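The structure appears right after this line, and notes come after that.
Every number here is computed from the coordinates shown, using simple stated rules; none is lab data. Predicted model only: the values in this text are computed from it and were never measured. Every residue, glycine as well, gets a Cβ built from its backbone with ideal geometry; the counts of neighbours run over all protein chains shown.
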Amino acid sequence: MGFWHDLRLAARRLRGSPGFTAAAVLSLGLGIGASTTVFGLVDALLLRPLPVADPGTVVAVYTSDFSGPAHGATSYPDYLAFRDSGAFDGLVAYTMAPLGLAGEGAGRVWSEIVTGDYFTTLGIPVARGRGLTPADDRPGAPAVVVLSHALWQRAFGGDAGVAGRTVTLSGRPFTVVGVAGPGFSGLTRGLAMDLWVPMAARPALTGDPRVLENRGERGLMLLGRLREGRPAVAQARLHALAQSLRAQYPQEWTDVRQEARRISLLPEWQARIQPMLSGPVNAFLALLAAIVLLVLLAACANVATLFLARLVRRRREVAVRLSLGAGRGRLVRQFVCETLLVAILGGALGVALAFGAAEAVAAMRLPLPVTLTLDLRPDLRVLGFAVGMSLLAGVALGLFPSLQASRVDVLPGLKDAGGRWGRSRLRGAFVVSQIALSLVLLSGALLFVRGLDRAAAIDPGFDAGPVLAVPADLVLSGCDEGRTAAYQQRLIERVSALPGVEAVALASNVHLDPLSSMRRGLAVQGYVPAADEDMEVHSAAVGAGFFDALRLPIVRGRAFTADDRPGRPLVAIVNESFARRYFPGQDPLGRRLSTRGDEGPFLEVVGVARDAKYATLGESPRPFFYVPFVQDFRFVQSVGSFLPATVLVRTAGDPAGDAAAIRQAVQDLDATVSLSPPRPLVDLLGLSVLPTRVAGVALGAFGALGLGLAALGLSGVVAQSVAQRTREFGVRLALGAGRGHVVRLALSEGAWLVAIGAGAGLVVALALARGAAGFLYGLPPSDPLTFTVAVAVLMAVALGASFLPARRAGRVDPAASLRSE
């Protein structure tokens with residue numbers, strides 16, 4: 001009964017101080033909202049189980065890569081051996097691939113190519129019709145497809161009779177047999193799949209009839225259910241199987257260290273993010289968590305400062321109640337109820353902000369060929385986190401100021417003399433921590449902004465200026481080799497004839513597009529690699545005119561020409577780093593290399609291109625080579641199964657203005673070719689600096705928030721100090737002190753807090769900045785200009801916030817202040 005009475009009393013007191021209540025609730029709401037949003041991201045990426053039935057019994061199965069990493073993909077023949085090993089009650093394989101959808105809703109769609117037991121083994125829900133079955137995955141079986149619920153709604157209008165309809169995928173007919181449940185979008189976290197087709201269709205869709213027979217074609221991810229749930233027994237069986245496979249297939253099952261490849265199991269909770277990506281993802285989440293923790297601490301410090309100042313003003317009330325026999329415990333409970341109520345209101349505001357942030361993230365559209373899908377809306381786990389944070393903040397924020405306030409001496413308190421209690425070291429510590437945290441956030445934001453400036457000044461080695469990138473998914477549209485070659489020739493002729501077009505070229509992948517990187521195994525004639533040397537090199541298949549379109553100089557030899565076509569000698573162009581590494585001190589022209597092993601066929605080096613940036617602007621020079629787009633159709637086809645072939649068009653004017661005419665010209669050639677909207681190449685290249693841009697925006701927003709909270713807290717401290725030192729200032733003014741001197745004296749307390757906080761924040765910021773070096777594009781993490789500007793901005797804002805309350809000290813009426821005492 002006493003608690004509810006205290007809670008009602010706290011509500012009345014807070015209603016009586018709307019300004020104080022609004023400031024405290026807003027401060028805490030922003031901090032809890034930011035932390036709840038980031039926890040929602042962690043929950044969506046790491047904590048939510050895979051969308052399968054009984055995920056606790058599911059394991060991911062990996063085969064180590066040729067270059068050594070343990071968690072690589074698997075080939076289809078190896079999958080069959082794993083499935084039949086006796087270690088699993090069920091084992092499914094799947095891989096992600098884009099396809100071209102013709103007809104209504106035509107365009108690029110993303111699929112998972114899966115084994116026939118995918119739906120039954122994993123317990124995937126089906127909303128309409130049925131899922132795939134093992135019978136659908138047999139050679140010669142009718143081609144069938146299961147649609148995602150989103151694609152069913154988007155492309156087919158939610159047609160209840162969609163089962164049985166025929167759709168054309170990459171030029172081939174498929175019969176729709178079902179629609180997956182609305183909550184299922186595939187097994188690749190963060191990416192939305194549009195449909196599922198059986199593994200038996202993979203040879204036809206990729207154009208490679210041996211893709212299911214080639215033990216070196218490792219592109220499948222595996223999920224299984226352990227037999228009797230005994231991982232140790234399963235791992236032992238798989239280890240013996242790996243030794244047996246190496247004995248049978250030594251070339252495919254021996255890695256670069258001349259050791260046997262390994263088969264490893266990971267429980268479902270460790271495989272929610274692909275293990276090779278878990279390091280960067282966890283680092284990014286840790287950075288976000290550190291940022292919002294700083295913001296939350298700053299918000300809590302601000303609220304604690306506000307409450308402590310409020311309790312200082314209530315010292316006479318506290319003294320009266322103590323003199324009447326009230327216990328300290330009762331007083332502390334009442335004060336904690338006030339902070340608890342503010343924390344609950346702040347938590348409710350934080351949850352509302354988290355829902356708003358989730359909607360904003362869902363509405364974001366990045367220039368990516370895949371649809372990102374992360375449901376950040378708070379679920380019960382996230383809501384529980386928000387409630388826990390609110391209660392913890394309420395108790396913690398109320399306890400320390402309340403214990404401080406309840407120690408008031410009764411006699412001075414009855415006289416309303418604040419004494420040392422009014423100049424609490426605890427309150428100063430809160431303000432110092434706010435200022436330090438604000439400097440850390442502010443300097444981090446400035447570092448990333450300066451890093452972006454540095455990135456803009458980096459020479460990528462080519463000119464992306466007036467170049468338009470037009471995705472043209474030839475393979476996705478079901479084109480065979482002859483049709484593709486004819487289409488390419490007519491495409492170049494048609495687009496080249498458009499007004500203002502200076503150069504046109506096809507490319508399998510685009511430099512600095514982070515999703516457009518491709519590596520190929522390499523053998524260089526006359527070069528003996530080290531025992532553990534990685535001989536996989538980044539490459540691209542490009543058409544004649546590519547180097548003109550990008551203004552990428554050929555420093556030696558020649559560029560590709562129209563004569564580099566099928567039936568002519570195989571050729572390649574290497575970059576300067578390639579020549580230095582594999583042909584040191586030699587003329588690279590005429591040297592030979594192979595992408596299919598030591599036995600060839602070999603490609604002759606006919607040119608050396610200038611080094612460029614291929615994956616990121618901050619990368620060091622790396623070997624790279626180019627092959628003619630039309631000479632190696634299988635390579636282009638294998639790339640096209642994941643990446644769209646791209647038409648690069650250099651125009652004399654604004655490429656965005658020419659986009660419609662170019663797309664229409666391409667579409668007029670063949671309406672079955674699936675096209676995504678053309679985009680300026682510079683927009684695609686912006687993806688390479690996206691992590692730095694996101695970090696800069698996040699730190700800037702949180703830094704501004706933290707700075708505002710610090711300014712508010714500092715202003716409150718100085719205002720409280722002025723109120724408590726009114727008699728002192730009156731005496732000074734009565735004795736002849738100037739009003740400017742009194743203002744400076746009032747400012748001194750705030751100035752000391754700012755100096756201490758800035759010093760502490762500078763030390764922490766310099767220590768943390770080293771971890772961001774990889775995002776700064778060569779900018780030193782301890783960049784003097786950045787930290788000088790950060791400290792100057794902090795000082796200006798903090799002292800500006802202190803000046804307004806300090807100015808009141810110079811306006812004190814000496815006679816009135818002396819009479820009040």
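Around the amide H of H71, modelled in the peptide plane, lie the amide H atoms of D65, all under 5 Å away and 5 or more residues distant in sequence or on another chain.
Along segment 588-593 the Karplus relation, 6.51 cos²θ - 1.76 cosθ + 1.60 evaluated at θ = phi - 60°, assigns HN-Hα couplings of x, 5, x, 6, 10, 9 Hz to successive residues, with x for each Gly and Pro.
In order along segment 259-266, the phi-based Karplus estimate (6.51 cos²θ - 1.76 cosθ + 1.60, θ = phi - 60°) of 3J(HN,Hα) comes to 10, 5, 4, 10, 10, 10, 10, 10 Hz; Gly and Pro are listed as x. Report, by chain and number, residues whose modeled amide H sits under 5 Å from the one on A503, excluding near sequence neighbours (fewer than 5 apart, same chain). When sequence neighbours closer than 5 places are left aside, the close amide H contacts are R650.
Taking packing as the residue-averaged number of other Cβ atoms within 10 angstrom, the listed peptides 547-556, 645-654, 573-582 run from highest to lowest as 573-582, 645-654, 547-556.
The modelled label-to-label distance between S782 and T175, using points 7 Å beyond Cα along the C-beta direction, is 7.2 nm. For R165, the residues 5 or more places off, or on other chains, whose built amide H falls under 5 Å of its own are V176. Could you tell me what % of all Cα pairs in segment 542-587 have separations over 17 Å? The share of Cα pairs beyond 17 Å in segment 542-587 comes to 42 percent.
Overall shape: prolate for segment 69-224, with the ratio a/c of the largest to smallest alpha carbon gyration tensor axis at 1.5 or above and a/b above b/c.
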